[in-house]
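> The following block contains the structure, expressed as structure tokens.
Any read-out appearing in this document is the output of simple, stated calculations on the displayed coordinates, not a laboratory observation. Just so it is clear, the structure is predicted and the values come from calculations on it, not from any experiment. Ideal geometry is used to build each Cβ from the backbone, glycine not excepted, and the neighbour counts take in all protein chains shown.
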Amino acid sequence: MTSLGFLYPGHSAEDDYPRIEQLLGSDIRLDVVHTDIGEDAHRVDALLRMGAPERLTAGVEELRLTGAEAVVWACTSGSFVYGWQGAHDQVGGLARAAGMPASSTSFAFVHAAQELGLTRVAVGATYPEDVATLFANFLDEGGVTVTAVKNAGIITAAEVGTWGEGEVLALARAADTPDAEAVLLPDTALHTAAHIPLLEKELGKPVLTANQVTVWEALRLTSRRVNTPDLGHLFTRQPIIQA
């Protein structure tokens, strides 16, 4: 049994995790501990407070009791908002506090892009424009070129959590560009686990979503590889062949 730990801010789309656990198989357990979201706002100052060390470490002891072998801060905006080095410092502090390998959703996107050999991606972000731009800058620092950013301008995770398949697909389509090798949908407040096969079919290319890559990152930290096509191209272990 491989036990994976996730620190998830507040309550929005955490039900993606039991859905993903069911798809992965019986020997992998996903344990979610909720952190204090503070002010629910996709605003830089609020996001910096959301990802503060004291908020993350507050859930560490509960994760230890689950037997987790790795922990991922299941939040995109609450990590990339710190910048490349700041996000490294954030997960470094989390690893020390937890006594286990640690990462965040922001780094999960970069590592997943590297896994698939992606160099050019489009971003469909639920965030306001300034926050979406910070994510694009983070990807750029990770060696991933962003061809376009489509932002939905949503302020709260609570509103994002109400989106269904239609809204998610519309955002992905609006973000896509012909030269993008994949479409990225950040925000762990967005329900996507049930929609990935449809998204990839409709766009004709890989789609990376926040909760999907977060779980993949935890598996990577524990050196587990799982072939689960229902979770998209990322979980089939087939790199993109560059032209």
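> Using only alpha-carbon positions, what ratio does the radius of gyration of the range 138-243 give when scaled by 2.2 N^0.38 Å?
Its radius of gyration relative to the 2.2 N^0.38 Å reference: 1.07.
> A further question on this structure: To the nearest 20 debye, what charge dipole does the chain have about its Cα centre, counting +1 at the Cβ of each Lys and Arg and -1 at the Cβ of each Asp and Glu?
For the chain, the charge dipole is close to 600 debye.
> Normalised by the empirical 2.2 N^0.38 Å for globular proteins, what value does the Cα Rg of the chain take?
Cα-based Rg divided by the globular estimate yields 0.91.
> What is the magnitude of the charge dipole of the range 128-201 about its Cα centre, with +1 placed on the Cβ of each Lys and Arg, -1 on the Cβ of each Asp and Glu, and no other charges, expressed in debye to the nearest 20?
The calculation lands at about 200 debye.
> Measure of size requested: the Rg and Dmax of the range 102-169, with Cα atoms as the atom set and Å as the unit; please supply both.
Final numbers for Rg and Dmax: 12.7, 34 Å.
> In nm, to one decimal, how far is the GLU61 label point from the ARG173 one, both placed 7 Å along Cα→Cβ?
Between GLU61 and ARG173, the simple spin-label model gives 5.0 nm.
> Could you give the length gained on full extension between GLU165 and GLU129, defined as 0.36 nm per residue of separation minus the Cα-Cα distance, in nm?
Computed gain between GLU165 and GLU129 is 10.7 nm.
> Whats the longest run of the chain with zero trypsin sites (Lys or Arg not before Pro) that are DSSP loop and have at most 15 other Cβ atoms within 10 Å?
1-224
> Moving on. Report D for the range 148-197 in µm² per second (integer): Stokes-Einstein, Kirkwood Rh on Cα pairs, 20 °C, 1.002 mPa s.
D = 185 µm²/s.
> Expressed in whole Å with the largest first, what are the equivalent ellipsoid semi-axes of the range 1-92 derived from the C-alpha gyration tensor as the square root of 5 times each eigenvalue?
24, 14, 12
> State the extension gain, in nm to one decimal, for the chain segment bounded by ASN227 and ASN137, taking 0.36 nm per residue of separation less the distance between their alpha-carbons.
Fully extending the segment from ASN227 to ASN137 adds 29.3 nm.
> Quick one: Cα centre-to-centre distance for the range 186-233 and the range 123-182, in angstrom?
The two parts, judged by their Cα centres, are 15 Å apart.
> Let me ask something else about it. If each DSSP helix of 4+ residues adds -39,500 (n - 2.57) and the sum is divided by the residues in the chain, what number results at 222 nm, nearest 500 deg cm²/dmol?
-12500 deg cm²/dmol
> Please state the relative contact order of the chain as a whole percent: Cα pairs under 8 Å, 6+ residues apart?
Across the chain, relative contact order equals 22 percent.
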